[in-house]
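One structure is given below, encoded as structure tokens.
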Amino acid sequence: MHYTLRNLSALLWNLLWAYICYAVCRLVFMLTNSNLYGDIPLDHVLHLFKSGLVFDSSAICYTNCLIIAMFLFPLHHKERRGFYRVAHWIYFVLNSICVVANMCDAVYFPFTGKRTTGSVFSEFAHEGAGNMANIFIDQGLEHWPVVVVGFLLIASFWFAFKSPYKSEKKAEINSRKPLAGYYACQMVALGFCGWLCVCMMRGGFTHAVRPITISNANQYVDNPNEAGLVLNTPFSLIRTIDKKPFIVPNFMPNSEAVKYFTPIHKPAGDIKASLDSTAFYKDIPLRTKDGKPMNVVVLIMESFSKQHIGYYNNVKDECGKYGKKETFTPFLDSLLTNCSMTFRHSYANGRKSIEGMPSVLSSIPNFVEPFFLTPASMNKLSGMARELSENKGYSTAFFHGAERGSMGFEAFAKATGFQHNYSREEFKTDPNYNGDDDFDGTWAIWDEEFLQFSADHFSDLKPPFMTAIFTASSHTPFDLPERYVGKFRKGRVPIQECVMYSDNALRQFFNKAKKQPWYENTLFVITADHVSGQVDPFYKSTLGYYCVPIIFYAPGFPELRGYDEETIVEQADIMPTVLTLLGYDKPYVAFGQDILTTPRSEKIALHWVPEFQGYEFVKGDYAVHFDCEKITAVYEFKKDPLQKTNLISRFPKDKLQQFDSEIKSYIQQYMTRMDENKLTLNR
């Protein structure tokens, strides 16, 4: 025990010193960029420094994991001064590199507006060593106080290092018997510290917390610039070093690319529905009876694949009559049958929750890597919430029943303009509910209670409001509240019973909403984040793996309804379509298309398919596979849903060339805007 305590105390001191140096680096960063941070109140500065501890802890554990292992590894022969001399050098070198990175970024930050990421190595790959040396010398002379503080911090790592052994002789443990106590104590200490280290690297202590990335800094800040003060450069480099930076292709001149596709939406003064569009409701914009703007509620249902929704699975028998396959969403079916606008060919832009949220709320599809996990997540972002709050005075709020920080949802919501966040923490403080007794034990508050809670708190928002709810219960491990066990029909896969529970929770949400004064003045959008539990052959196909519902429901406008069986629709279309329905008259960036004003013949969907590391492009009657350089397959998916017959060898060359140009235009503009931080328009 004595040796373990000596090792632990020395280790904790060395790690504490790293924390102190990171705090000094953050202070230098703030002072060097005082033009950005000079007006921040002291209490908010303290909040940002405190928030930075989350990212400092992760970086320190990553960079010092070898030191932790060396101090606590259960091998008694290591307990001698020579071993800790090696540890001293490793500690000094690794932490000195971290200080250098932080200090360099204090100077470099004004040029980029964000902490340096892994893309820096490709950005400067072609710079000569001499040129880079000149840059460092010039900037070092100009910012000499930063250099001086940096050298002092580096020196401090050498002199502050604490070793368990100060004498030259071997540790007394080598002559003590037995050694069982030593090994037992060291193994316990290593196991506990290893667990703690992994948790700190991830940014949380529960499995519901996805490992934090640079985008998580957004949840602690009031504006995007402050994220640089919360983060540290070693963390930013570590979390992005293995992420491929967006590679901007040079398929065609940009002036030509915009002829095929443009993400810039410029609404006309008088918005008119296209005669060739899917619009079932031509009287745009929607307005309340007293002429005021409509509220918007977006419901993102966890894993609600079309596979589970009977309405979308009507089939004709040999007599030409329609019959329904089994459904696990009786409430959603009733809503679709009577009073909603929806689409047969509607697709997700990704396969994960972290890919669905940007697509739905900000019209940012998932290409190659989840947007949350890329350096571009620190770009200036927009979305429905920001467009409506900053330009139309909407109150905005995001609801998700997991703990704060889970999956990075709160950070993304804040970065895209949501003013308020309601999570598990807010739910626990509401006296009308049962706090953690309503927690599912794994991810979040049960859907029924959290949807009821959400409906209650919509009334706290000043109208007009825009809110988004992300449900959680229809997810592994597919548990149900105890009172509902055995109440819902089991399906062919475990998720289908949970889908029935969440559908019932949705029914009760709307039953409560109907009693609220805001109900008739609200546009509801219902979709899924991604698919799950695919069973039928079509839903296991390349295209079927993206089939999610996209539903528009406005109880005050029963004319907004119908089932479009032709138009191609994707999640990224939700934002521009909602803004058109509201009569939004400002330009903005969105990679989706407005369903109401885009001619049906021009509607497209494009998503990344990890199986063949390429894209699937859907337009008209065709699904086209693109391998990042050329088209490799064309399927007439409405007649060949399992994509068994590749038509590329006999497909008209001019039409193939048109598809090729449209795909390349979309990808090139997406990558360019990600790389150049142009996801918003400067107005």
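A few remarks follow.
- Selected residue (criterion: farthest from residue 636 (Cα to Cα)) from residues of region 529-582 that are open to solvent by 10 Å² or more (accessible area, probe 1.4 Å) and in a helix (DSSP H, G or I): 580
- Qualifying residue in region 393-403 (condition: more than 22 Å from residue 526 (Cβ to Cβ), part of a helix (DSSP H, G or I) and either open to solvent by 30 Å² or more (accessible area, probe 1.4 Å) or not polar (S, T, N, Q) (or both)): no
- Helices (runs of 4 or more DSSP H) fully within region 1-80 counting 3 or more residues that are within 18 Å of residue 94 (Cβ to Cβ) and without any contact (Cβ under 8 Å) to a residue 40 or more places away in the chain: 2-32
Residue by residue, here is whether (1) free of Cβ contacts under 8 Å to residues at least 40 places away in the same chain; (2) part of a strand (DSSP E or B); (3) out of contact with any Asp or Glu (no Cβ under 6 Å at 6 or more places or on another chain); (4) on the phi < 0 side of the Ramachandran plot holds:
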site: 408; (1), (2), (3), (4): no, no, yes, no
site: 417; (1), (2), (3), (4): yes, no, yes, no
site: 452; (1), (2), (3), (4): no, no, yes, yes
site: 473; (1), (2), (3), (4): no, no, no, yes
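- When residues of region 1-55 are limited to those that are under 22 Å from residue 217 (Cβ atoms) and in contact with a Lys or Arg (Cβ under 7 Å, 6 or more places away or on another chain), the one most open to solvent (accessible area, probe 1.4 Å): 49
- Residue 492 vs. criteria closer than 27 Å to residue 354 by Cα and either open to solvent by 10 Å² or more (accessible area, probe 1.4 Å) or in a strand (DSSP E or B) (or both): yes
- Enumeration of residues in region 428-451 that are over 25 Å from the mean Cα position of the chain (by Cα) and either of a type in the set (S, T, N, Q) or open to solvent by 20 Å² or more (accessible area, probe 1.4 Å) (or both): 429, 431, 432, 433, 434, 436, 437
- Among residues of region 179-199 that are touching a residue at least 12 places away in the same chain (Cβ under 8 Å) and farther than 26 Å from residue 59 by Cβ, those with a Cβ under 7 angstrom from a residue that is open to solvent by 60 Å² or more (accessible area, probe 1.4 Å) and not in a helix (DSSP H, G or I), sequence gap 6+ or separate chain, pair up as 181/1; 185/1.
- Identity of the residue in region 124-151, of a type in the set (A, V, I, L, M) and out of contact with any helix residue (DSSP H, G or I) (no Cβ under 9 Å at 6 or more places or on another chain), that ends up modelled with the highest pLDDT: 148
- Among the residues making up region 583-607, a single one is touching a strand residue (DSSP E or B) at 6+ places or on another chain (Cβ under 8 Å), at pLDDT below 95, within 22 Å of residue 637 (Cβ to Cβ) and crowded, with 21+ Cβ neighbours inside 10 Å: 595.
The values are calculated or read from the model by the stated rules, or taken from the named source; none is laboratory data. Just so it is clear, the structure is predicted and the values come from calculations on it, not from any experiment. Neighbour counts run over all protein chains shown; Cβ positions are idealised from the backbone, glycine included. In case anyone asks, the SASA skips ligands and DNA or RNA and just uses the protein heavy atoms, side chains included. Shrake-Rupley method; radii C 1.70, N 1.55, O 1.52, S 1.80 Å.
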